[in-house]
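Asker: Dropping a structure here in structure tokens format, bear with me for questions.
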Amino acid sequence: MITKGFYTVKAALNKGENPLPHFRDKNHDLTVITRAPFPKEYAKNLGQNCGKRVLPYYIQDRYDRTLTITDIPSILLENQYLKATVLPTLGGRLISLYDKTEQKELLFNTSTIQTANLANRDAWFAGGIEWNFGQYGHAFSSNSPVYCAKQVDAEGNEFLRLYEFERCIGVYWKIDLHLKDRFLYAHMAVHNLSTSDTSLYYWTNVALKQTKKTRVFASEGEVIYIDPFVPKGMKGYGFGELPYLEILSDTDVSYPANFPYSNEYFFTCDHSQVPWEATIQEDGSSFFDASTANLAFRKMFCWGNGWGGKHWQEYLSPEGGEYFEAQAGLAPSQLHGLTLPKQTTYTWTQCFGSLGNKAKIEQVKAIESWKEARDTIQTVLTSLVDRNKLKQYESIFEKESEKATGELLCIGSGWGYLENLRAQTPLPKGMRFIPEADLQVWENFIHTGILETKAKPSLPFSCPPLTWYPLLKDSPSAAYYAGILALELEQEDEAEKYWKNKSDGFSLRNLAILEVRRGNSKEALQLYRLASKSKEYNLDRAIAEEFIRLLVKEQFFQEAKLAYEQLPEAWKTESDSLAIDQAWIACHEQDAQTLGEILLRPWHAVREGETPFKELWFEWKAILYSKEHNQILDDSIREKIMNELTLPQKFDFNMVM
């Protein structure tokens, strides 16, 4: 049975987009160092296509930490055993999976939804099951509506379909959620309809409650793990076997709470007929996911029990308690690249639920040996979901997935409709896209080749995908967007031609970014100065944030201060970026009072792995010390403060050793 409703919760949701294009990292691949011995079969494709990439999407950075009671649209899928709650306007997040028999929530279901800066597009929140299609990182659709449809199978049972066009890598994805007896099944498909190969990334991300006794198992014990001893700023992997790893040789890391710092490991389950991962809790409850063989890898991520990790838990889930993540993917790790060949479809099926068998769970809890406990779980799981059962269901689900879209319960982006209109190729079976009013200008452009202009300065339109570049490149009316796609394709000279001699603030900003990429900060600042005098500069805070950030980086502190003081008060209140730059200006002026006031503000856009507050807090204390002791501030005072004082937990977002 499927019903629509609302998920009522205290929430701080994203409210809008940054209108500026953020271009692809020049390094498409990441360098990953491996600790010997590392198997050759898992050394292939490391780092491939893992560089930062966002376009044609815009960044979602318009949120704060003000939690208010919010009714979020929800869709309930339930039978006599389970009730699944999906949030269609938030990427189709499966926020709750409630076991009616055990009368227990199976997922980490926080009492708050706090948006934070952890996704490719910035905005992300913790909890539930997330479906990560697209690029390395959290899905582009994490905080956006996706298509949801009510479907009916051959036996008259209702199931829920989620789908969308992912326009960064140019694929169509679909998830059909079925309740069969005591378990939730997700039958997934990703389609590349184009005549070119594309990169592929997919990971299911399941948030689960964590206590000191939470223990994680999988169908295989050999894992790829993060090596924390690689040089700062680098990525590194090692290979070992649970429960003890070389990096923590005396610690049983099958218990996530045992990690002293944030870490993750990937179970190499590619030799399992039915790859699975399971969690046993101290109270005897359990959770598992199992899948067809092609979803072959599993992951455990934890925040660690250090101050920084605990702070992140509180920051992401106020009032929610601690959690870890159990994930499942197509590649050996999230830093392994994959390719989806042209005109190819990949499908797989995943199953979620409780192991149920209380007697066996108690037996597992009493077994110290990880391997023996794992073998016991394997016996239980095989009795619930074996290979034949999965194959049987997948065959049924495959037929159902080709049925026409039923009643639409939520409408996603209009870009699937536009891309289909442009490409003139048949859509994957079971998908239907709807025109979007805000994108009407692009539909008109397809028909006329002319992009409508607005009568007065305004924010840019939504950006088309790279496949539109041939349509845009010879249209003067679409020069701004042609330049964006040209630079995303790393055609710098072409991009410059589209924006050169333009006087609008957004084109000037893009030219400034082009100069930054070329290493010409002086020229970039001059372009930002011109942009700051444009009418477009006053439409949104985004250009000001970049301008002042570069002024501070290049140590033009007086100019940065003047530019900051001229901004609207609302921008100063809303923007973490502007506040951090104001803090660095205060550091330069040794203005301890202003710096202290800034540090006390509620920060909402802290980026995972970034630690500006640590540096600012110690500099603040060093300034105070120098004034109290009437000494000139120098590195000896800074070193003394670093050695004698401890960073308060509220400023500690450190995730490593």
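Asker: Report the trypsin sites (Lys or Arg not before Pro) located in segment 28-96 that are in a DSSP loop and have at most 15 other Cβ atoms inside 10 Å of their Cβ, or state none.
Answerer: Sites meeting the loop and neighbour criteria: 44, 65.
Asker: Working out 0.36 nm times the residue gap between residue 102 and residue 630, then minus their Cα-Cα distance, what length gain in nm do you get to one decimal?
Answerer: Net length gain for the segment: 183.4 nm.
Asker: If you average the sequence gap of Cα pairs under 8 Å that are 6 or more apart and divide by the length of segment 2-408, what percent do you get for the contact order?
Answerer: 17 percent
Asker: Next question. Need one word for the chain: rounded, prolate or oblate. Basis is the Cα gyration tensor (sqrt eigenvalues a ≥ b ≥ c); a/c below 1.5 gives rounded, then a/b vs b/c decides.
Answerer: Because a/c hits 1.5 or more and a/b fails to exceed b/c, the chain counts as oblate.
Asker: Okay, next question. Which of the residue pairs 15/83; 180/391; 52/454; 4/150 have a Cα-Cα distance greater than 20 Å in the structure shown?
Answerer: 15/83; 52/454
Asker: With a cut-off of at most 15 other beta carbons within 10 Å, and DSSP calling the residue loop, which GluC sites (Glu not before Pro) in segment 540-603 qualify? Please list them.
Answerer: When the GluC sites (Glu not before Pro) of segment 540-603 are filtered for loop state and at most 15 Cβ neighbours within 10 Å, 554, 589 remain.
Asker: Taking the Cα centre of the chain as origin, sum charge times position over the Cβ atoms of Lys and Arg (+1) and Asp and Glu (-1), and report the length of that vector in debye to the nearest 20.
Answerer: That gives the chain a dipole magnitude of about 720 debye.
Asker: Next question, about the same structure. Quick one: 67, 551, fewest Cβ neighbours within 10 Å first, how do they rank?
Answerer: Listed from fewest to most nearby Cβ atoms, that is 67, 551.
Asker: Given the rule -39500 (n - 2.57) for each run of at least 4 DSSP H residues, summed and divided by the residues of the chain, what is its mean residue ellipticity at 222 nm, to the nearest 500 deg cm²/dmol?
Answerer: -8500 deg cm²/dmol
Asker: Indicate the gyration tensor shape class of segment 8-87 (rounded, prolate or oblate), computed on the Cα atoms with a ≥ b ≥ c the square roots of the eigenvalues: a/c under 1.5 is rounded; otherwise a/b larger than b/c is prolate and the rest oblate.
Answerer: oblate
Asker: On to the next question. No partner Cβ under 4.7 angstrom, meaning no disulfide-compatible partner by this rule: which Cys of the chain qualify?
Answerer: By the Cβ distance rule, which asks for a partner under 4.7 Å, the isolated cysteines are 50, 168, 269, 302, 351, 463, 587.
Asker: Okay, next question. Taking segment 307-367 on its own, what percent of its Cα-Cα pair distances exceed 17 Å?
Answerer: Of all Cα-Cα pairs in segment 307-367, 72 percent lie more than 17 Å apart.
Asker: Given contacts defined as C-alpha pairs under 8 Å and at least six residues apart, what's the relative contact order of segment 487-651, whole-number percent?
Answerer: Taking the mean separation of contacting Cα pairs over the length of segment 487-651, I get 12 percent.
Rule-based calculations on the coordinates, nothing more; no lab input. Note that the structure is predicted; figures quoted are calculated from it, not measured. All Cβ positions, even for glycine, are placed from backbone atoms using ideal geometry, and neighbour counts span all protein chains on display.
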